[in-house]
Amino acid sequence: MKDILNRMLNHEELSREEMKNILVGITQSEYPTEQITALLTALQMRGVTVDELLGFRDGILETGVPAILNADRYIDVVGTGGDRKNTFNISTTSCFVIAGAGYKVAKHGNYAATSVSGASNVIQHHGIRFTDDIDRLNRSLDESGIVYLHAQLFARAMKFVGPIRKALQFPTIFNLLGPLVNPSQPQCQLLGVANLDQMRLYSQVYQKIGIDYGIVNSIDGYDEISLTGDFKVTTRSYERIFKPSDLGFECAKPEELVGGATEEEAAAIFDAVLENRALPAQKNIVLANAAFGIQVLERGEKTIEECIDIARESIDSGSALRTFKKFVELNS
């Protein structure tokens, strides 16, 4: 580690293999806290490269608990977090709309870090018991079309750096890793990022991993399609800036996206969308995010208008709600 830190001081980049070995070493308590702190700080000051990010991803997956799912093609919809907008659970709600449309979903998530309610908060609020039991997970996927993977049960390496991350009080490479360490390693992902620098970084990462992806960013700083203004989408096949009107939607007001002051308020919005009684803006935002997820699953072979129609039918027909109820029944 002394050699590694000296190289970092000289602004050298580390290889994917070196980063993986460092992560494995962290889980084996090979390095003192001060050295790990110095490494994370140096990486943050210089900026993380694609291979460095992939190396830590390799290490987390290698030292973690795998989730081998019995499905050929499924998606995760996730945001990087950290946009500090305290939106309701847009990605999680979108996942149930996608599953309600007949697609397979493996949602990976955790408790909230910068908002009132993270994915795990809203899922647990409905009585779900988290598990890493592969038979239970596959039953959920088979019978409801969706499975929930609570990050803390799978990424064992994270507990070794938790106190350091908390003490540092600034984002580190680990903040970038969450969307990349789904233990089932899905073939498709829709990722929301808070800025265009992250969009470029993750685009290169996904190309190296070799999965189908969509990366979205609202120009006004949301790490999802907020419909509060223009937003950018990057996929394997196109890169484009959309206006809400391009999709047939009105512009949303920022206050219409807020998840509330408590977990209960956030869960109430989640329920309202699936029960088709939410504010029009709340429903439209979920439709937009779900539609781009569906387009990724369809390998870009359906237009976004077709995908919006599929997502809308999932909610309007009650299929998304039935999917959620079946999920609760299987996982409570």
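The values are calculated or read from the model by the stated rules, or taken from the named source; none is laboratory data. Bear in mind the structure is a predicted one, so any value in this text is a computation, not a measurement. As a convention, Cβ positions derive from the backbone with ideal geometry for all residues, glycine included, and neighbour counts pool all protein chains shown. Only protein heavy atoms, including side chains, enter the accessible area calculation; ligands, DNA and RNA are left aside. Shrake-Rupley method; radii C 1.70, N 1.55, O 1.52, S 1.80 Å.
Loop-located chymotrypsin sites (Phe, Trp or Tyr not before Pro) in the range 211-315 (DSSP state not H, G, I, E or B) with no more than 13 neighbouring Cβ atoms inside 10 Å: Tyr238. Among the GluC sites (Glu not before Pro) within the range 266-301, those in coil by DSSP and having at most 11 neighbouring Cβ atoms inside 10 Å are Glu301. Enter the Cα centre distance for the pair the range 293-332 and the range 191-206, rounded to the nearest angstrom. Spelled out, the Cα-based centre of one part sits 25 Å from the other. With θ taken as phi - 60° and the Karplus curve 6.51 cos²θ - 1.76 cosθ + 1.60 applied, the whole-hertz 3J(HN,Hα) list for the range 126-135 is 8, x, 6, 9, 5, 8, 10, 6, 5, 5 Hz, x standing for glycine and proline. Entry comment: accessible area of the range 140-244 is 39 Å² per residue, from protein heavy atoms only and a probe of 1.4 Å. Comparing Pro32, Pro179, Pro254 in a Gaussian network model of the chain, where Cα atoms under 10 Å apart are tied by springs, the biggest mean-square fluctuation is seen for Pro32.
Springs between alpha-carbon pairs under 10 angstrom, Gaussian network model over the chain: which of Leu149, Leu321, Leu196 fluctuates most? With Cα springs under 10 Å in the chain, the top fluctuation among Leu149, Leu321, Leu196 is at Leu196. Label the chain by shape, choosing from rounded, prolate and oblate, from the square roots a ≥ b ≥ c of the eigenvalues of the Cα gyration tensor; if a/c is under 1.5 it is rounded, and otherwise prolate applies when a/b is larger than b/c, oblate when it is not. Judged from the Cα gyration tensor, the chain comes out prolate (a/c at least 1.5, a/b above b/c). Cross-link reach is defined here as a Cα-Cα straight distance under 17 Å, omitting same-chain residues fewer than 8 places apart; for Lys159 the aspartates and glutamates meeting it are Glu30, Glu34, Asp58, Glu62, Asp132.
Springs between Cα atoms under 10 Å define the GNM used for the chain, and in it the highest mean-square fluctuation of Ala194, Ala151, Ala38 occurs at Ala38.
Among Lys243/Lys302; Lys208/Lys253; Lys166/Lys243, which pairs are too far apart, with a Cα-Cα distance over 26 Å? Exceeds cut-off: Lys208/Lys253; Lys166/Lys243.
Among bridges DSSP assigns within the chain, what percent are antiparallel (round to 5)?
Working: 10 of 26 bridges.
If I count the DSSP bridges inside the chain, around 40 percent turn out antiparallel.
Backbone amide hydrogens, once placed in the peptide plane, bring Gly229 within less than 5 Å of Ala252, excluding anything fewer than 5 places away on its chain.
Express in nm, to one decimal, how much length is gained between Arg136 and Glu313 on full extension, taking 0.36 nm for each residue of separation and deducting their alpha carbon distance. Result: 60.9 nm gained on full extension. When you restrict to C-alpha pairs under 8 Å that are six or more residues apart and normalise by the size of the chain, the relative contact order lands at 22 percent.
By its C-alpha gyration tensor, with a ≥ b ≥ c as the square roots of the eigenvalues, how is the range 148-202 shaped: rounded for a/c under 1.5, else prolate for a/b larger than b/c, else oblate? Working shown, then result.
Working: a/c = 2.79, a/b = 1.13, b/c = 2.48.
Oblate, because a/c is 1.5 or more while a/b does not exceed b/c.
Counting only protein heavy atoms and using a 1.4 Å probe, what share of the accessible area of the range 207-308 belongs to carbon plus sulfur, as a whole percent? All intermediate terms of the calculation are to be shown ahead of the outcome.
On the way: 2010 of 4350 Å².
Here carbon and sulfur together make up 46 percent of the probe-accessible area.
Residues whose amide H falls under 5 Å from that of His108, counting only those 5 or more places apart or on a different chain, are Val77, Leu149, with hydrogens built in the peptide plane. Surface listing: Glu263, Glu305, Glu52 arranged by accessible area from highest to lowest gives Glu305, Glu263, Glu52, probe 1.4 Å.
Using a 1.4 Å probe, what is the accessible area per residue for the range 21-89, in Å²? Intermediate results must be reported in sequence, preceding the final value.
Details: 2810 Å² over 69 residues.
Roughly 41 Å² per residue, with all protein chains present.
Remark: spin-label model distance Leu5-Val328 equals 5.2 nm, labels positioned 7 Å along the Cα→Cβ axis. 3J(HN,Hα) along the range 243-249: 9, x, 5, 4, 9, x, 10 Hz, from the Karplus curve 6.51 cos²θ - 1.76 cosθ + 1.60 with θ = phi - 60°, whole Hz, x for Gly and Pro.
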